[in-house]
Each structure stands twice: as structure tokens, then as C-alpha cells.
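Working notes, beginning with the structure itself.
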Amino acid sequence: MDNPAETLSGTVENVVYHNEATHYTVCAVRLDGQRETITLVGAAPAVWEGETVRAEGRWVQHPRHGRQFQADSLTCVVPTSAAGIERFLAGGMIKGIGKTMAHRLVQAFGEETLRVIDKESKRLEEVEGIGPQRRRMIKESWDAHSGTREVMIFLQSHGIGTAKAARIFRQYGGQAIALVRENPYRLCDDIWGIGFKTADAVAMSVGVPPHSEIRARAGLVYRLQTLADEGHCYCPQPELLLQTATLLDIPVEIVTAALERQVESGALVRDDGRIYKADLHHAEVGVADKLCALLQSPPGYAAIQAEKAVAWAERLIGLRFAPEQARALAMALSSKVSIITGGPGVGKTTIIKALVDVFKRRRLDVLLAAPTGRAAKRMEEATQHEAKTMHRLLKYNPHLQRFEHGPDNPLEGDMIILDEVSMVDIHLMYTFLRAVPDRCSLVLVGDVDQLPSVGPGNVLTDLIDADRVPCTRLETIYRQEAGGWIVQNAHRVNRGEFIEVPAGDELADFYFVEAADPDQVVRMLLNLVTDRIPDRFGFDPLADVQVLTPMRKNRLGADNLNTVLQEALNPSGPAVQRFGRRYREGDRVMQIRNNYDKDVFNGDIGRIRRVDEEDSVIVVDYDGRPVKYELAELDELVHAYACSIHKAQGSEYPAVIVLLTTQHFRLLQRNLLYTALTRGRRLVVLLGSRKAIYIAIHNNEIKLRRTGLRERLAAGPQTQGAGARTYG
């Protein structure tokens, strides 16, 4: 017999689990008038500790978790009792109020506390520790929280969760609901993390007709953005029309008319039957034009006699260059733009150092840059010359929302050396090249056999294939550190050969640990991280060991592995829970979007040094630079004990554990494994199955990216549209 329906009311003691996408929530609730807590399960867009919940549903017996209340309807309201108010304020949602301040406020104002904050905030200064500045902070945070709550109530039926609702409110303020009703598809452009599917669901809910032009126009942009996420710069028009019509389930005639409107408006560009998003077209044409201009312009310094410079560099470094190294160095010294490519251990860094030394000897200015902070740091350590990330070199101004360096304020330098170019997408390359003065020489360095950029385009490959820029490919291995097993195996994989491992108990820099079952892989991983690697090699598992995996999801994906590794390596200490993750002091974390205000960028890794519940902030240390995050901003951070191989591009770590099993089948490719192995500086442990490794090594079918850069370079300069803009 079914349990009868009931209505319960109580205070949220602890949020055990909250799914951002589905709103599925598990929380411990202390029922009104009772001392014991019960487990409540239901759907709510947001639940905070200290809130009062009213739930309609029935009691059920879960086979693993026991008796719990399954809510069909779950409503959260601001508490009214003094104890509930104190717990609510202590939850950290109101900036400037932590546990201590929450207690003081309730001691002062009792059940009137929330009304005082809302209507008589000046009185807050009566409480010890609250001055005018902190009072304003509390009031502003309270107003933002109240507004966010209204937005979430509106969006609850439209599938938008807590973090995204908070972003919508920060972007639109009090106009959020009106603007979303007017054009839900603007969310795709304006709000980070909201895509077409979410916006489309909102649009259908607020009454946008399925066959409307506004929906078709948004669908075209969405399809092109999906392709851009896969690395493509354009889509042939017939294919785009058919795919969008199928996606939206609307007649192709409507999509065709919408395409014409988008082209007329300038949002999309038609180029020889190819349809581009405007930003990608501007970037692709701009890169080709700028490189042609650099190639055709004379350098701003007297010609360097390459042969003499190479001989001088050999004497300074104290070694004789191999013929291909000497050719690469001479080419870079005598060419306006040049490319140096090759795998690990072939001497790319040696050539960069020699170039820097030669230019400094000539009293010329050389600038060093790379896409990531770790790559820039490696350049600086190798050359003893300052190196910066591309973003920091260009100096983004958050107040003006653009880079300070560009065509009107070019960089000051005689030569720029850009490393890890395989990582650079077409957007960033365009923004970077716009800031390079025509008189400047440019050396592009990278490994063309690594994974291509995460963003759209295939810049390094296109530049080499166009055969317009002088290029040297280094192939002879010179670096033999610690026996050189890492370097040797990386090159074996790149040639399509199976890995080799040291015999017996030989101490080396490369090992293969075989395990096929996912549970066995996790057990072996924990043993390696916590015991075997620290004991044998002395590496700090929190600071030195990086786990790499092909994907984010599934049992052996980065998301699950981070949970497992956090529990093993950093199980206790001050922490806050937001967006389904627990952020704890000592955690290794990664920034997952460019945040110019904080001067941290997608892929930057840091450590949480402080969790300040009183001020509702955490502090992350990025190579000695502390950066504050409010609790509402924590969706920009993920744990980084494990990360995807794509996210590790451009970085090196003292020790790397690479997971590769048949669970990762659809991502098993040669360049993926090659990229992973080259991330380890002193130790690489390959953990997984021989079958998966074999599949990856023999799958060299690189997915072609639809780009026009190679053709544009071969054709020569084009006329860039008047609407050219900077993207980065």
C-alpha cells in the first residue's frame, strides 16, 4: 500500500547534494519542533543552509540510504525564527556575514534581523565590527541575493540552475526577467555557461513560436558555435541549412530566410559558399593579412650575418649545434617570420635561448610569450629572460574591456618569440598579431604533432602547410635526461610504434602499470599517488603529481577522479560547498574561463590557501599571487588533482600519471597519447590497458578541421572588412 501524502516544514541543516542541471537535491532537515534531522530528497533550484523548506510528498525506504522523505513539491522560504535566521546568515550567502557576525546580528535584532538588513541597514552599524564599508557590502549583497532569488523563481520552470541564475542577475540586474522574456536567445551571447538548448527551452516556455525567425537565427549561430567548439571555422551553406533545419525541426525555407537576415546584419559572413560567424571570419582573414604584411616588411634593425651569429652562439653556450639546429637558428635570424617545429628533446629550447642571446648581444629588444603561464615560466627559466603569457603581454584592460596593445598601440620589440603555437586558436592568434609592429621579426615555435588548439582553427598546421613561412622541422633527439625513456617513448608513439619500458626494477623516468578494470585502475591510481611515487621518487603528491585522463565524465573521467583524489590527499580542513563541489583549503584548482578582472585565465592552476567563511571568500594562490573569489564565483573553478589531457596542453609537471583504458575508446588517438606523455618532465606513469594504448597509437586519423587560413596565406593579402574587431 502506498504511503499517504504529507506536508512537512523544517530548517535546512546541511545540503548533502545539489545537481545544478536537474535541481535534484538531498538535504538534512530539522523538522519544526523536533530535535532529530531527516533526509529530504526533491527538486529545488537552490537550497541554502538555514532556510526553511516546505515539502509535499511521502516517506520512502531507500535500499541503500534508508528512510527519507521524497518531495513532489519543494519550496524554500527565508526563515523567521531567530535561530533559523542566524543559521541562514551563517551559511555564507550574504557577503560580509559569517558565523560570528551572524550571531552578533541576531543577538542585536533577533527576529527583526532580516527586516533591518533590508529596510534599515544603517542600524547595522550598531553591531560591533560593522562600519560604513562593511554595512554597504552587506546591504549590496542582500539586495543581490534577493534579486537573484526572484530571478531563480522565474527561471525554475525553465531549467536554469543556481549559478546561471546568479550570472543572469549580475549581467542584467533588475531588468533580468524582462530581458529574458523579450529575447531568451540573448542568454547565449551574454551569459557564460548558457547555451542554445537552455535558452531554447526558456524561449518555448515563454511563448516564442517554434517556427519564428528569431529562433531560426539563433539556431544558425548555435550550429556554427557547436562546429567552432569542434575546431571548425566555417560550414558549407547547404550543410548548415540542412543541419539547422533538422536540429530545430522547422522547414529549411525558414532557416534560409533567417540566414539571409543574419548575413545582412553582419552576424554571419558568407565567403565563397562558406558560412562563418563574423568573429571567426575577421580572425582568419586578419591572421593571413598580418602575416603577409610581416613577410613583406623589412626588419627594423640591420641585417644579422647568420653564419657568424650561429658560431658566436655555439661559443657562448659551449656546444656545437647539429646541422638541423644550425639551419633553424640561421633561418630564424635571417627571416622576418619563421617556424620551428619538432617533438620533445630535439633542441627547440636551445634555439630559443640562442636567439635571445644573439639579440641581446646586438642590444635589440626581444619579447618572449606563450599561451599559458606554465609555458611562459619554462621559457623564462630556460633563457633567463622575462617571458609572459600572450594575454599579459597584450595587457588586457578590464575597465575598457579590450587589450591595451593593438594596431594603434603596438608592442615594443625587435623580435617576438612565441612558444607552444599548436595551442593557439585563430581568435588569439589574430588578437596577438594585431599588436605586432610590421618592423618586428616573429619566430613561431611549437610541436605540430600535438593536439590542436581547444578553440577553433588549426593555426600551426595551416601555417606550415601553406608553405609561405620558412619552416624548419627538428627530428633528431638530443635530450637524454634520466635515460630518456619519456622522450624516447613520445617519439615512438609519434612514429606509430609501441612503447618500451625499463627492464626489471631499474630506476627510470617512464613506467607502464597494466590495469583494465575501472575499479582496479582507481585502486592502482590511489596507490601510486599516495604511496609508491612519493616513497620512491620523493614527489609531493599535492604539488608535483598530475593525473591526466582523456575525458571529464565516467568512472575514469576527471570529475570523478578529482572527488576520489581530494578525499585521499586533502580530506579535511576549512571548506565551503558550492555548485556540487566542496572547496577545501589546500585543494589544487583550475580556472576554467578567462577572467581578465582577476588576471587569471582558462587552464591556470593554483592552490586554495584560505577559506574565509566570515567574508564569504576563498583565496587561491597562483604561483605566489593571491586571488580572491566570492562564493558566487566558484563555478569558475574546478578541482585539478586530475584534468583532461586537452587542459594540460602547454603545461609540464614534475610527475604525470596518464590513464588510458578502453573506457576512453572514442578519444583514443595518437596525438592525444603523444601530448599526454610529453607533459611529464621527470616521471611519466602510463596506467591502463595494452589494448587501449595499441588503439591510440594506431589511430592516426586526425580529424580535419574546416579552416581557410592555409588557402588565404597561399593567395596573399585580402581586404579585411571594416567591422574587424579584436577577440581574445
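Just a few scattered comments:
- Wholly enclosed strands (runs of 3 or more DSSP E) of segment 1-110 bearing at least 3 residues open to solvent by 30 Å² or more (accessible area, probe 1.4 Å): 6-18, 37-43, 52-62, 66-77
- Qualifying residues in segment 379-392 (those that are of a type in the set (A, V, I, L, M) and without any contact (Cβ under 8 Å) to a residue 40 or more places away in the chain) - the one farthest from K598 (Cα to Cα): A382
- Evaluation of L631 against (1) closer than 22 Å to V421 by Cα; (2) modelled with pLDDT under 95 (one fails), failing number: (1)
- Count of segment 406-421 residues which are assigned to a loop (DSSP other than H, G, I, E, B) and either of a type in the set (A, V, I, L, M, F, W, C) or surrounded by fewer than 18 Cβ atoms within 10 Å (Cβ to Cβ) (or both): 5
- The criterion of at least 3 residues that are free of Cβ contacts under 8 Å to residues at least 60 places away in the same chain is met by the following helices (runs of 4 or more DSSP H) wholly inside segment 253-351: 306-317, 323-334.
- Residue list for segment 615-625, filter: open to solvent by less than 50 Å² (accessible area, probe 1.4 Å) and not aromatic (F, W, Y): S616, V617, I618, V619, V620, D621
- Of the candidates I317, I250, I254, the single residue that is among the β-branched types (V, I, T) and closer than 30 Å to T472 by Cα is I317.
- Complete set of residues in segment 246-259 that are over 12 Å from S212 (Cα atoms) and crowded, with 18+ Cβ neighbours inside 10 Å: L259
- The strands (runs of 3 or more DSSP E) located wholly in segment 581-676 that include 1 or more residues which are touching a Phe, Trp or Tyr at 6+ places or on another chain (Cβ under 6 Å) and not charged (D, E, K, R) occupy 605-612, 617-622, 653-660.
- Within segment 185-207, the set of residues being of a type in the set (A, V, I, L, M, F, W, C), outside any loop (DSSP other than H, G, I, E, B) and open to solvent by less than 60 Å² (accessible area, probe 1.4 Å) comprises L187, C188, F196, A199, A201, V202, A203.
- Looking only at residues of segment 542-556 that are under 19 Å from the mean Cα position of the chain (by Cα) and at pLDDT 85 or above, we find that the one that is most open to solvent (accessible area, probe 1.4 Å) is M551.
- A count restricted to segment 352-405 and to residues that are in contact with a Lys or Arg (Cβ under 7 Å, 6 or more places away or on another chain), small (G, A, S) and open to solvent by less than 10 Å² (accessible area, probe 1.4 Å) stands at 2.
- Scanning segment 357-395 for residues that are in contact with a Gly (Cβ under 7 Å, 6 or more places away or on another chain), closer than 11 Å to I416 by Cα and not charged (D, E, K, R) yields V366, L367, A370.
- No other residue among K348, K395, K308, K360 is among the charged types (D, E, K, R) and closer than 29 Å to L677 by Cβ apart from K348.
- Per the listing P236, P210, the residue uniquely touching a strand residue (DSSP E or B) at 6+ places or on another chain (Cβ under 7 Å), in contact (Cβ under 8 Å) with a residue 12 or more places away in the chain and surrounded by fewer than 16 Cβ atoms within 10 Å (Cβ to Cβ) is P236.
- Condition broken by L637, with the remaining ones in (1) touching a Gly at 6+ places or on another chain (Cβ under 9 Å); (2) closer than 21 Å to A575 by Cα; (3) open to solvent by 10 Å² or more (accessible area, probe 1.4 Å); (4) not polar (S, T, N, Q) satisfied: (3)
- Pick from segment 500-541, criterion touching a residue at least 40 places away in the same chain (Cβ under 8 Å) and of a type in the set (G, A, S), ranking: surrounded by the most Cβ atoms within 10 Å (Cβ to Cβ): A515
- Filtered residue count, segment 449-487, keeping only those that are farther than 24 Å from T431 by Cβ, open to solvent by 60 Å² or more (accessible area, probe 1.4 Å) and modelled with pLDDT of 90 or more: 2
- Meets criteria (among the polar types (S, T, N, Q) and in contact (Cβ under 8 Å) with a residue 40 or more places away in the chain) for T100: yes
- Look at segment 394-417: where a residue is more than 14 Å from D438 (Cβ to Cβ) and among the aliphatic types (A, V, I, L, M), no partner that is open to solvent by 30 Å² or more (accessible area, probe 1.4 Å) and modelled with pLDDT under 85 sits 6+ places away or on another chain with Cβ atoms under 6 Å.
The values are calculated or read from the model by the stated rules, or taken from the named source; none is laboratory data. Predicted model only: the values in this text are computed from it and were never measured. Virtual Cβ from ideal backbone geometry, glycine too; neighbours counted across all protein chains shown. These area figures cover heavy atoms from the full protein model, side chains too; ligands, DNA and RNA do not enter into them. Shrake-Rupley method; radii C 1.70, N 1.55, O 1.52, S 1.80 Å.
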